[in-house]
Amino acid sequence: MGARTTATLTFGATIALTEVEVRALDALVGYGAEAFLKVFKEKLGESYIRKHEAGIHSFFGSVGRDVLPALREIDQARIDLAKAASARAAAKRQKDGDDASR
């Protein structure tokens, strides 16, 4: 019995996306990998995309796991900022009202 050594080499890429790009990506993957592949094949043919199907499935999964939660955080941050701005404006109106009554 012999031992066999193997090595795995993995490459990756990191990209920075704007909010507009993340929302576009959300729209793109929103229909799912199967729907995307079906339409791609119908409109553009199967020969090119066939060798990339596993990558498409993996990519759509990565977007759902890593990118879309960031979009939800953006949405929540916008809500939090609006609430804080409203509270600050209400406090200013209250202060201005108190100052005017003196």
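Laboratory data are not the source of any read-out in this text; all were calculated from the coordinates shown. None of these values were measured; they are calculated from a predicted model. Positions of Cβ are backbone-derived with ideal geometry, glycine not excepted, and every protein chain shown enters the neighbour counts.
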Check: Classify region 30-74: rounded, prolate or oblate, from the alpha-carbon gyration tensor (a ≥ b ≥ c, eigenvalue square roots; a/c under 1.5 rounded; otherwise prolate if a/b is larger than b/c)?
Finding: prolate
Next item on the list: Give the whole-number value, in cubic angstrom per residue, of the convex hull volume spanned by the C-alpha atoms of region 20-100.
Entry: 93
Notebook entry, point to check: Near Lys41, which lysines are there with a Cα under 29 Å away, not counting those fewer than 8 places off in the same chain?
Noted result: Lys51
Notebook entry, point to check: So which aspartates and glutamates pass the test for Lys92, namely a Cα distance under 17 Å, with those fewer than 8 places away in the same chain ruled out?
Noted result: none
Item checked: Principal-axis tilt of helix 68-100 within the chain, Cα atoms, nearest 10 degrees -> 10
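For Ala84, what charge total do you get from the other residues with a beta carbon under 14 Å from its beta carbon, if Lys and Arg give +1 and Asp and Glu give -1? Show your work: numbers first, answer last.
Numbers: positive: Arg78, Lys83, Arg88, Lys92; negative: Asp80.
Once all neighbours under 14 Å are counted, the net charge is +3.
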Check: Once the Cα atoms of helix 33-44 and of the chain are each reduced to a long axis, what angle between those two axes, in degrees from 0 to 90 to the nearest 10, is obtained?
Finding: 70
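Tell me the GluC sites (Glu not before Pro) within region 2-84 that lie in a loop according to DSSP and have at most 12 other beta-carbon atoms within 10 Å. Can you show the working numbers first?
Working: sites: Glu19, Glu21, Glu34, Glu42, Glu46, Glu53, Glu73; in loops: Glu46.
Hits after loop and neighbour filter: Glu46.
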Check: Using the alpha-carbon centroid of each, what span in Å lies between region 1-59 and region 74-102?
Finding: 45
Next item on the list: Using only Cα atoms, find the angle between the long axis of helix 19-29 and the longest principal axis of the chain, and express it within 0 to 90 degrees, rounded to the nearest 10.
Entry: 40
